[in-house]
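Enquirer: Before I ask anything, let me first share the structure, which is written out below as structure tokens.
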Amino acid sequence: MPSMDPNVVELEKELGRVEPAGEEAAEKGTSRWADPKFRRGVAGVAAVLALVTVVLLVHYHNRISTDDAQVDGHIVPIACKIYGTVADVVINDNEPVKAGQVLVRIDPRDYQARVDQSKAALQLAEAQARAAGVGVPLSRETTQSVTSGADAQLVAAQANYDKARFTYERDSTAELAYARAHVAAQQANNDRAQADLARMKPLMEKGEISQQQYDAYLAAARVADSELKAANEKLASAEKSAEIARESMLAAKAQVEQARAMLQQAVANHKQVSIREADQASAQALVAKAHADLEAAQLQLSYTTIVAPTDGVVTRKSVEVGQIVQPGQGLFTLIPLHDIWVTANFKETQLAKVRPGQKAEIDVDMYGETFTGHVDSVAGATGARLSLLPPENATGNYVKVVQRIPVKILLDSMPPDKGILRPGMNVQATIITK
């Protein structure tokens, strides 16, 4: 009979020892399960595990979480608005400041000189405006007086002209006609008297009439001749009076024309008032311009003092005393730590029940604590769409990927002694949808 391998023999011995031990353990387990205390203990552990499972299911049923969340806040870059030399820097990097606190001063001498020049220009413009304002009433009163005088002179000249024209018309018509008619009548009387005298002279020489009768005819002839001469002289006087009246009328007419010209000149001079008023308006415009220049210069001067627009912490300071700064050059950044929020990027499949106002919990790794907050709003587009280079899906190799949508979560009031959150910190956000 062939001999067995020693290894096989040893293995069979080992197996022989194990089988009795397994049977013994089975019998021992059966006897333990038969123990009522053991069964109650197992039942209690099972009940506790079931209760814990139910509590966890209920607890996490209406909760959605993401670890793709960061603390966000306002990043306020502080830049210089003017050109100048930095005279003083009164803050240090990472130093907390208050709103209105002076941070940097720029040498103000150049801008102060511009303010002084603007003030002098304003005073000059105001003086010119006052002078122009005084000239307007004076020109108005003077022009009004001259216009009134010219108008009165025109009225008087017109009255004199009307009177002279009436006198001329009277002298050149009725008076002259009467004088001519009187001359004609006296001429007829004189002719008759002379004819009577001529007839009576031969009769007197023949003695047919007496010398006394002849003398009567002679006296009548002389009287008629004298009356004729007087009528002729009166006619000449009437003609001369008519000529004088005509000259007076022409002179009065000339005075009327002169008075009318003076009135027109006075009316034309009245436009000087408009010119003076325009000068006054121009002077007032110069005053307004000087005011604007002064305000601009004062505004530029105010830029030499840079103050904190809000409470916050100074960071990334890059300004030093003696440095020449340019308009728009960044000096440092101000972070208002009192106004922060959390931007949590949830998957689009998680946001079906998310609404503004829902309670949220923020787990902060830095402090190992959880802070409460609430949902403020949900972004209008996915983070990929809002990125600098949004994906283009019309290329033929499109692969559907679950997108993430930013959700803004506002933190409830948190005492500074419990922790300070800084923009950029990673946190875990949980929203309780019910």
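The values are calculated or read from the model by the stated rules, or taken from the named source; none is laboratory data. The model shown is predicted, which means the values in this text are computed figures rather than measured ones. Because the Cβ atoms are built from the backbone with ideal geometry, glycine has one as well, and the counts that use them run over all protein chains shown.
Enquirer: Can you work out which of the residues in the stretch 343-359 that are of a type in the set (Val, Ile, Thr) and surrounded by 13 or more Cβ atoms within 10 Å (Cβ to Cβ) is nearest to Ala308 (Cα to Cα)?
Expert: Thr343
Enquirer: Mind checking which residues of the stretch 158-203 are of a type in the set (A, V, I, L, M, F, W, C), over 19 Å from Lys229 (Cβ atoms), surrounded by 15 or more Cβ atoms within 10 Å (Cβ to Cβ) and at pLDDT 75 or above?
Expert: Met200 - this is the single residue of the stretch 158-203 that is of a type in the set (A, V, I, L, M, F, W, C), over 19 Å from Lys229 (Cβ atoms), surrounded by 15 or more Cβ atoms within 10 Å (Cβ to Cβ) and at pLDDT 75 or above.
Enquirer: In the stretch 235-256, which residues are surrounded by 16 or more Cβ atoms within 10 Å (Cβ to Cβ) and among the charged types (D, E, K, R)?
Expert: Glu239, Arg246, Lys253
Enquirer: Oh, and also: Quick one: Val378 ticks every box in (1) among the hydrophobic types (A, V, I, L, M, F, W, C); (2) in contact with a Leu (Cβ under 9 Å, 6 or more places away or on another chain); (3) surrounded by 15 or more Cβ atoms within 10 Å (Cβ to Cβ) bar one, so which box is it?
Expert: Checking Val378 against (1) among the hydrophobic types (A, V, I, L, M, F, W, C); (2) in contact with a Leu (Cβ under 9 Å, 6 or more places away or on another chain); (3) surrounded by 15 or more Cβ atoms within 10 Å (Cβ to Cβ), the one that fails is (3).
Enquirer: Exactly one of these conditions fails for Arg385: (1) over 23 Å from Leu410 (Cα atoms); (2) exposed (fewer than 12 other Cβ atoms within 10 Å of the Cβ). Give me its number.
Expert: Every listed condition holds for Arg385 apart from (2).
Enquirer: Just checking, how many residues over the stretch 338-364 are under 35 Å from the mean Cα position of the chain (by Cα) and either farther than 30 Å from Val86 by Cβ or modelled with pLDDT of 90 or more (or both)?
Expert: Total satisfying the criteria: 1.
Enquirer: Can you tell me which residue among Ile340, Ile362 is closer than 18 Å to Asp68 by Cβ, β-branched (Val, Ile, Thr) and either exposed (fewer than 12 other Cβ atoms within 10 Å of the Cβ) or in contact with a Pro (Cβ under 7 Å, 6 or more places away or on another chain) (or both)?
Expert: On the way: Ile362 fails: either exposed (fewer than 12 other Cβ atoms within 10 Å of the Cβ) or in contact with a Pro (Cβ under 7 Å, 6 or more places away or on another chain) (or both).
Ile340 is the lone residue from the list that is closer than 18 Å to Asp68 by Cβ, β-branched (Val, Ile, Thr) and either exposed (fewer than 12 other Cβ atoms within 10 Å of the Cβ) or in contact with a Pro (Cβ under 7 Å, 6 or more places away or on another chain) (or both).
Enquirer: Among the residues of the stretch 271-280, is any of a type in the set (S, T, N, Q), modelled with pLDDT of 75 or more and part of a helix (DSSP H, G or I)? Walk me through it before giving the result.
Expert: So the first thing to find is which residues in the stretch 271-280 are of a type in the set (S, T, N, Q), and the list is 272, 274, 280.
Next, only the ones that are modelled with pLDDT of 75 or more stay: 280.
Retained after the next criterion (residues that are part of a helix (DSSP H, G or I)): 280.
Yes, the stretch 271-280 contains at least one residue that is of a type in the set (S, T, N, Q), modelled with pLDDT of 75 or more and part of a helix (DSSP H, G or I).
Enquirer: Still on this model: Could you please let me know if Ala259 is at pLDDT below 80 and more than 60 Å from the chain's Cα centre (by Cα)?
Expert: Judged against the criteria, Ala259 is not a match.
Enquirer: Please identify the pairs in which a residue from the stretch 285-299 that is touching a residue at least 40 places away in the same chain (Cβ under 8 Å) has its Cβ atom under 8 Å from the Cβ atom of a residue that is of a type in the set (Lys, Arg) and in a helix (DSSP H, G or I), counting only partners at least 6 apart or on another chain.
Expert: From the stretch 285-299, the pairs are Leu294/Lys119; Ala297/Arg114.
Enquirer: All but one of (1) of a type outside the set (Val, Ile, Thr); (2) over 21 Å from the mean Cα position of the chain (by Cα); (3) modelled with pLDDT of 70 or more hold for Leu299; state the number of the condition that does not hold.
Expert: Only one criterion is unmet by Leu299, namely (2).
Enquirer: What number of residues within the stretch 46-73 are modelled with pLDDT of 75 or more and either under 25 Å from Arg404 (Cα atoms) or loosely packed, with under 10 Cβ neighbours inside 10 Å (or both)?
Expert: 12
Enquirer: Applying the selection to the stretch 209-234, what residues are outside any helix (DSSP H, G or I) and either surrounded by 14 or more Cβ atoms within 10 Å (Cβ to Cβ) or in contact with a Leu (Cβ under 7 Å, 6 or more places away or on another chain) (or both)?
Expert: Correct list: Ile209 only.
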